[in-house]
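K.L.:
Shown below is the structure under consideration.
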């Protein structure tokens, strides 16, 4: 699947395109197929997000998993500071990245 | 240390107001990201993997207690309770919000700090010897010259859009502690046969994807020509440095492609021309700056004795202190590399504690080192145990300076949008593997540096052992390099063979240390043994 990620303008937070808006949780990601560039152009033009790009991912039993480790770290947070990730109480969260 | 005059303060305050308006227009939608990006970068605001990152300049790594305290407060108030000290003697915050950035810059301006020229293709923060003004082996304090260069390079209209970023280091001792020859321009303050102080210039060094050691380009530049000669070096680069390919745009490529002699010829020609324009600031300006760097009021007649009955303190003194030029005083380095820790990171509380100790016990002075540690440059020996106790209680008493545990590591893929692999977890595993004081003492000096990509922010080319993280078909892979040095004996490390997994590279390093210990002669460091016996015994042990 093709998913979209970008950054929230004010907070800089990593966000993922849900099909209707932007979410902090990669599991909310929608498969955008070939529509990524058009969605990015529209959303960046409306100032909803910036620095957006298309990412390869797959739908797994645990949720949406970006294909590359870079985007998995982006989705979770720094692996060396579990307390600062989106899942600070999940001891297995780092394993999902690696 | 240097104190802003009304012009310095006005420039910084004006920039804060200007950026506040730019942020307002960006949020209002009056500026696109393409329009805004160069503006935010000029103010040190990057976009990294997770959020905005703000890089704050620490000119030549020198801070006072008030400034350091504020850095801790900013970590609490605007970030997530910590800061990251960098290999450019700066500090970075990883979780900054756009709309709060002007407020942060305004707070910094109140204590004479800023984030100007910490990004972009301009002259970056001037770096220097972290022991400047305190070291027993320096011929002069290099900081006044670094400050003069800072003032010259700040908002220099000709050099704000160079072909690529430009880094300058200034030192004044034989023992290079600032990786001087791995800078775009390296300046070493020297004394000529007549006893006059001047500057020896090196140009075209750097790390990154094409590492090069800067060749000497002029033996002696008199102090009343320092800026003019620097201007000539920059002008030739600005005119002929490549702008068509960012990977070939650094001055090292120009010097290499022209050849050192031709670059020097062009610089000398430009230098002669510039001398007719009389652009050099009057020496009175240098004297004005120098007055800010006079020695603190050292007490005289102090004892050099230290009570070393506490074994942990003894170890720390042996590892983390350096001789001071003034009897009765000592230079103390605080390691930001606890066993298993994140190199260069310090919590807000730790930053404020170091600020307090620097104020109370080091004449209100602290330094940031390019090895991502903090220095108290002027501690009375009689106070040293008290200082160490306070540090140790806060997790800052690690005794591992220049050992295998004192690792330089870039933020890597955990934070950096350019990285290909994570650096910090590798550093943590090595730090834990070699965590015992006994093991570190046995191995002695071993400078280990890790970069998460070819940009080499972790200085892997200059490590006795360097590690470069790469992306191998979507998996992190780590290349191992041996034989680098950033000191007076600067050399570039060489790749030893195929790369490793994260755990594999830690095992390989352990094998390398075993080869070293089996072959070392006398007081040889790892680097000395490697240089004597070559790479083969290490390869044989590691790859079989």
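K.L.:
Just counting partner chain Cβ atoms within 10 Å, what average do the residues of peptide A:74-86 show around their Cβ?
P.N.:
The shielding value for this peptide is 5.
K.L.:
Which three semi-axes in whole Å describe the equivalent ellipsoid of chain B, each the square root of 5 times a Cα gyration tensor eigenvalue, listed largest first?
P.N.:
Listed largest to smallest, the semi-axes of chain B are 33, 28, 27 Å.
K.L.:
Mind ordering B:351-360, B:274-283 by average Cβ neighbours within 10 Å, highest first?
P.N.:
B:351-360, B:274-283
K.L.:
I need two numbers for region B:360-420: Rg to one decimal and Dmax as a whole number, Cα atoms only, in Å.
P.N.:
Rg then Dmax for region B:360-420, in Å: 15.0, 47.
K.L.:
Enumerate the residues in region B:263-299 having an amide nitrogen under 13 Å from the point lying 7 Å beyond the Cα of residue B:158 toward its Cβ.
P.N.:
B:267-281
K.L.:
Then there's this: Which whole number gives the average count of other chain Cβ atoms within 10 Å of the Cβ atoms across peptide A:7-15?
P.N.:
6
K.L.:
Could I ask something else about it? Hey, how many Å between the Cα centroid of region B:208-233 and the Cα centroid of region B:306-376?
P.N.:
Centre-to-centre (Cα) distance: 32 Å.
K.L.:
Given the Cα atoms of region B:447-544, and with Rh set as the inverse mean 1/r over their pairs in the Kirkwood sense, what is Rg to Rh to two decimals?
P.N.:
Taking Rg over the Kirkwood Rh, I get 0.97.
K.L.:
Tell me, how many Å apart are the Cα centres for region B:408-445 and for region B:485-505?
P.N.:
What the calculation gives is 13 Å, centre to centre.
K.L.:
Over the alpha carbons of region B:134-291, what is the largest minus smallest coordinate on each principal axis, giving the biggest first in Å?
P.N.:
Answer, in whole Å and largest first: 44, 35, 29 Å.
K.L.:
If you scale each eigenvalue of the Cα gyration tensor by 5 and take the root, what three semi-axes come out for region B:228-298, rounded to whole angstrom and sorted largest first?
P.N.:
32, 17, 10
K.L.:
Right, something else. Which value, to two decimals, describes the C-alpha radius of gyration of chain A once divided by 2.2 N^0.38 Å?
P.N.:
1.04
K.L.:
Moving to a separate point now. Need the C-alpha centroid separation for region A:51-87 versus region B:50-95, integer Å.
P.N.:
Between the Cα centres of region A:51-87 and region B:50-95 lies a distance of 27 Å.
K.L.:
Quick one: if you stick a label point 7 Å off each Cα along the C-beta vector at residue B:309 and residue B:196, how many nm between them?
P.N.:
5.6
K.L.:
So what's the convex hull volume per residue for the Cα atoms of the protein assembly as shown, in Å³?
P.N.:
165
K.L.:
Using alpha carbons only, how many degrees (0 to 90, rounded to 10) separate the axis of helix A:36-45 from the longest principal axis of chain A?
P.N.:
For helix A:36-45, the angle is close to 80 degrees.
K.L.:
Turning to a different aspect of this structure: Where Rh denotes the Kirkwood radius from the mean inverse Cα pair distance, what is Rg over Rh for region B:110-184?
P.N.:
1.00
K.L.:
Could the peptides A:21-29, B:125-133 be put in order, highest first, of the mean number of other beta-carbon atoms found within 10 Å of their residues?
P.N.:
B:125-133, A:21-29
K.L.:
Hey, another quick one. Could you give the nm distance between label points at residue A:13 and residue A:25, where each point is 7 Å from its Cα heading toward the beta carbon?
P.N.:
Result for the modelled spin labels: 1.3 nm.
K.L.:
For peptide B:47-57, compute the average count of partner chain beta-carbon atoms within 10 Å of each residue's beta-carbon.
P.N.:
4
K.L.:
What shape does region B:6-110 have by the C-alpha gyration tensor, where a ≥ b ≥ c are the square roots of the eigenvalues, rounded means a/c under 1.5, and otherwise prolate means a/b greater than b/c and oblate the rest?
P.N.:
oblate
K.L.:
How many percent of DSSP beta bridges within region B:403-520 run antiparallel, rounded to 5?
P.N.:
If I count the DSSP bridges inside region B:403-520, around 65 percent turn out antiparallel.
K.L.:
On to the next question. How high is the FRET efficiency from residue B:285 to residue B:9, r the C-beta distance, R0 22 Å, rounded to 0.05?
P.N.:
0.80
K.L.:
Sort the following peptides by mean Cβ neighbour count (other Cβ atoms within 10 Å, averaged over residues), highest first: A:44-54, B:114-124, A:77-87.
P.N.:
Highest to lowest by the protection proxy: B:114-124, A:77-87, A:44-54.
K.L.:
If each of residue A:96 and residue A:1 carries a label point 7 Å out from its Cα toward its Cβ, how far apart are those two points in nm?
P.N.:
Going from the residue A:96 label point to the residue A:1 one covers 1.4 nm.
K.L.:
Here is a further query. What is the ratio of the Cα radius of gyration of region B:258-396 to 2.2 N^0.38 Å, where N is its residue count, to two decimals?
P.N.:
That ratio works out to 1.48.
K.L.:
Can you give the calculated 222 nm mean residue ellipticity of the protein assembly as shown, where each DSSP H run of n ≥ 4 adds -39,500 (n - 2.57) and the sum is split over every residue, rounded to the nearest 500 deg cm²/dmol?
P.N.:
Taking each H run of at least 4 residues, the total per residue is -10500 deg cm²/dmol.
K.L.:
Just to check, using Stokes-Einstein with a Kirkwood Rh over alpha carbon pairs, what's the diffusion coefficient of region B:311-393 at 25 °C and 0.890 mPa s in µm²/s?
P.N.:
Taking Rh from Cα pairs, D becomes 190 µm²/s.
Where a number appears in this text, it was derived from the coordinates with a stated rule and is not lab data. Keep in mind it's a predicted model, so treat the numbers as computed, not measured. Because the Cβ atoms are built from the backbone with ideal geometry, glycine has one as well, and the counts that use them run over all protein chains shown.
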